[in-house]
Amino acid sequence: MDRAATAEKIAGIIEPFNKKGVEITDASTFAGDLEFDSLTVMDFVAAIEDEFDIIISMNQQAEIETYGQLIDAVVKLQG
């Protein structure tokens, strides 16, 4: 799956987690812009892992701060 298709799929997954209706760009941060707390992050990561049938390690999660970085990581994990 290419980056655009992956981004579109993730956009659908993030929608219910985006409670404030923030406009999401590649530079949007989960902690700052979207105000995700640790529980929300865990639920969101689980939804991503289920949808794409991948595992995002704790180390990888710690390095992903923006929406764009998440898309790139998912594309890479899919091979």
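For this structure, a couple of remarks:
- Within the accessible area of the chain (1.4 Å probe), percent carbon and sulfur: 52
- Exposed loop sites here mean trypsin sites (Lys or Arg not before Pro) with a DSSP loop assignment and at most 16 other beta-carbon atoms within 10 Å; the chain contains its longest site-free run at 21-79.
- Across the alpha-carbon set of the chain, the Rg to Rh ratio works out to 0.91, Rh being the Kirkwood radius.
- Cβ-based net charge around residue 21, under 15 Å, with every Lys or Arg adding one and every Asp or Glu removing one: -2
- 12 Å cut-off, amide nitrogen to a point 7 angstrom out along residue 22 Cα→Cβ, residues in region 41-79: 41, 65-68
- Membrane-span-like helices of the chain, defined as complete DSSP H segments with a Cα extent of 20 Å or more along the helix axis and a mean Kyte hydropathy of at least -0.5, are identified as 38-52.
- In a simple Cβ point-charge model (Lys, Arg +1; Asp, Glu -1; nothing else charged), region 2-79 has a dipole of about 40 debye relative to its Cα centre.
- Residues in the chain average 63 Å² of solvent-accessible surface per residue, probe 1.4 Å, ligands and nucleic acids excluded.
- Nearby aspartates and glutamates by direct alpha-carbon distance to residue 76 (threshold 20 angstrom, same-chain neighbours under 8 apart not counted): 2, 8, 26, 49, 50, 51, 53, 63, 65
- In the chain, Cα pairs under 8 Å separated by at least six residues give a relative contact order of 44 percent.
- Separation of alpha-carbon centers, region 64-79 and region 1-30, rounded to whole Å: 11
The values are calculated or read from the model by the stated rules, or taken from the named source; none is laboratory data. All values reported here derive from a predicted model rather than from experimental measurement. Cβ atoms come from the backbone with ideal geometry, glycine included; neighbour counts cover every protein chain shown. Keep in mind that these areas ignore ligands, DNA and RNA; they rest on the heavy atoms of the full protein, side chains included. Shrake-Rupley method; radii C 1.70, N 1.55, O 1.52, S 1.80 Å.
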